[in-house]
1. Give me the distance between the Cα centres of region A:18-55 and region B:225-257, rounded to whole Å.
2. Around A:Gly66, which amide H atoms from residues at least 5 apart in sequence, or from another chain, sit under 5 Å from its own amide H, with H modelled in the peptide plane?
3. Treat every Asp and Glu Cβ in region A:10-53 as -1 and every Lys and Arg Cβ as +1, leave all other atoms uncharged, and give the resulting dipole magnitude about the Cα centre to the nearest 20 debye.
4. Could you give me the ³J(HN,Hα) list for region A:164-175, computed from phi with Karplus coefficients 6.51, -1.76, 1.60 and θ = phi - 60°, whole Hz, x at Gly and Pro?
5. How large is the charge dipole for the protein assembly as shown, taken about the Cα centre, if only the Cβ atoms of Lys, Arg (+1) and Asp, Glu (-1) carry charge, to the nearest 20 debye?
6. Once amide H atoms are built 1.01 Å from N in the peptide plane, which residues 5 or more positions from A:Gly105, or in another chain, come under 5 Å H to H?
7. Can you run phi through the Karplus equation (6.51, -1.76, 1.60; θ = phi - 60°) for region A:21-35 and list ³J(HN,Hα) in whole Hz, with x for Gly and Pro?
8. Which distances, shortest first and in nm, link A:Ala209 to the matching position in the other copies, using label points set 7 Å out along Cα to C-beta?
Number of protein chains: 2
Amino acid sequence: MARPGFPVTIRQVALHAGVSRQTVSNVLNAPHRVESGTRQRVGSSIEALGYRPNRNARNLAARRAGLIGYCVPESDTPNPFMDRFLHLLTAEVERSGRNVLLFTGGAVGVYADLVAQRAVDAFVLADTVDDDPRHGWLAERDVPFVSFGRTWTGRQPGPWVDLDGAGVCRRLVAGLHDLGHRRIAFVGKCGATGQYLDRVRGWRAGCDALGLPSDRLVCAEVDTVEAGGVAMRNLLDSEVPPDAVIAVSDPIAVGVHREVRRQGLRPGTDVAVTGFDDSPLASVVDGGLTSVRQPVERFARTVVDLLDSANGDRCVLLPGEIISRGSAPIRLTEQDVNEWESR
Amino acid sequence: MARPGFPVTIRQVALHAGVSRQTVSNVLNAPHRVESGTRQRVGSSIEALGYRPNRNARNLAARRAGLIGYCVPESDTPNPFMDRFLHLLTAEVERSGRNVLLFTGGAVGVYADLVAQRAVDAFVLADTVDDDPRHGWLAERDVPFVSFGRTWTGRQPGPWVDLDGAGVCRRLVAGLHDLGHRRIAFVGKCGATGQYLDRVRGWRAGCDALGLPSDRLVCAEVDTVEAGGVAMRNLLDSEVPPDAVIAVSDPIAVGVHREVRRQGLRPGTDVAVTGFDDSPLASVVDGGLTSVRQPVERFARTVVDLLDSANGDRCVLLPGEIISRGSAPIRLTEQDVNEWESR
């Protein structure tokens, strides 16, 4: 029996309008069967009581869940960029009349359970890794999904959107060269991931295009400030130290920046430093850290567009935005910024 | 008609086992009606095909959605603490056999729609504000919810869990006093929110208990490093400047810390500084910033416990953990740390 207040049932609407439940159901689902005066009366009762169709019933009938599945890491080093992406994705999914269903775990079995229960209509895959098992698994079963990120395998199934990492690293080299730097090092993270190798390729291509050496490549052991400092110490100890450093993340860049100062050099003037992700760290460093801002709003919008797109294999690369600060006062130009690629 | 692969239907199970659909349905919902040999055969088919009951159908029958609603800010200053809370909450909700449904907006109307559609079974309210309208609105309609945070009204309806802000500020005063500091200032944020006043009360109570003055109270205009620096400049300009500062957030504390150094003073030695939330900023500052770590794992577990608790009005206060670093090398003791309060 319906309780006073929410949620309102079809039975309550029928009583209010003085008609049968079947009539109310017809008004909602087959209005052509109902005489117009009755339709209006039922419509007024629906408004007056604030009735909304039961989502589970409607989804069942339409064979849809109205939900998009998204996996969050249970506990992990904080990733403010991915958290912001989730907030924006939630809003974009809502605008398209659905909601996000969150889960953790990420092993293929979790996806299998949700698919088997018809709990979601599609997935947004994020935090992708090299040779990620999820894409092929879902594609083989015709489960709709969009990937935010590449898996760097030969042929990645399904639509994806990603940052053009190589492109922005190439532009960073050009910008640093423009400021007069000629010995541009790259400080990466240990572990030859596809994303990292893509950015190295961009740095190399940028150096080659300008006739600069690309031999100063070192790795920080882990993605931390301390490890960045250690990597920079090694670079500065070498025979011909760099006059600029492109670091593959903001924490590593902060470590590089600190080591520059610790050795009595001036960031930006003696040694330019750039980071990645434009995190709060980047503005806290003395003089500010030049970094790359990822177009997170566009990522969220593009993911939802791809979800609803008929074309199953679209791939979109979006350009990163260089945020110029004291550690490398790169002059920004419009040139080469609007890069798109779509299969 | 079912497609090859997922999801498997009752019809497919029936064909596989050589029985009627009604028999399969009975095996799932009224097994006592089915002869044991048939039950086993159907069970084997279910396993072999990987059939799982349709979540929407099951939820409809059980009059439950299996989902807990949670509102995320669409776009906002990043809050890594709340993002981490969401990840841990997702895992805890999953352990209890449900999932989190995300939405944005947060106006009472959004909650109304989700309730009317029976899209969720309950809500977890977060990012609470003074006189938050949601708690009373949901309580009046008997919609289950738990609040992570207080609304600072006379009588907050529904169960809640929150940080004991006053308690940890009192302990910070005691810890600073223990280090020899006697002129302990409090740098807050403009705007007299309940949470802020609660922490001020704790600082005052701590000072009173030790016979220290509690007149050095200033506000940073906004929650930023710059504003913290401005507030500290004012404090240091006064007749009798402080020898310790409790700041109400990490960004403000970093601003205070910078101003101390800018004026040629040594943080920790000349002027002790403490922050709040133990964000990545706290470890990046030179010498490290003493801060308060919120027990986010316990918050998530407690919220889910309260969701399922029969007692509708339990309130839980959890203690903050003081993380001692160079800016205020407070010696930690077990005393007064395990604080609980439950109505």
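1. 63 Å
2. Counting only residues 5 or more places away or on other chains, the set is A:Asp121.
3. Working: 6 positive and 2 negative charges, 22 e Å.
Rounded to the nearest 20 debye, it is 100 debye.
4. In residue order, the calculated couplings are 7, x, 4, x, 6, 5, 4, 5, 5, 4, 4, x Hz.
5. Values: 80 positive and 84 negative charges, 570 e Å.
Dipole size: approximately 2740 debye.
6. A:Glu74
7. 4, 4, 5, 4, 4, 5, 4, 6, 10, 8, x, 5, 7, 10, 5
8. Label-point separations across copies, in nm and ascending: 6.3.
The values are calculated or read from the model by the stated rules, or taken from the named source; none is laboratory data. Because the structure is a prediction, the values reported are computed rather than measured. Methodologically, a virtual Cβ is constructed for each residue, glycine included, from the backbone with ideal geometry; neighbour enumeration extends over all protein chains shown. For accessibility, only protein heavy atoms count, side chains too; no ligands or nucleic acids. Shrake-Rupley method; radii C 1.70, N 1.55, O 1.52, S 1.80 Å.
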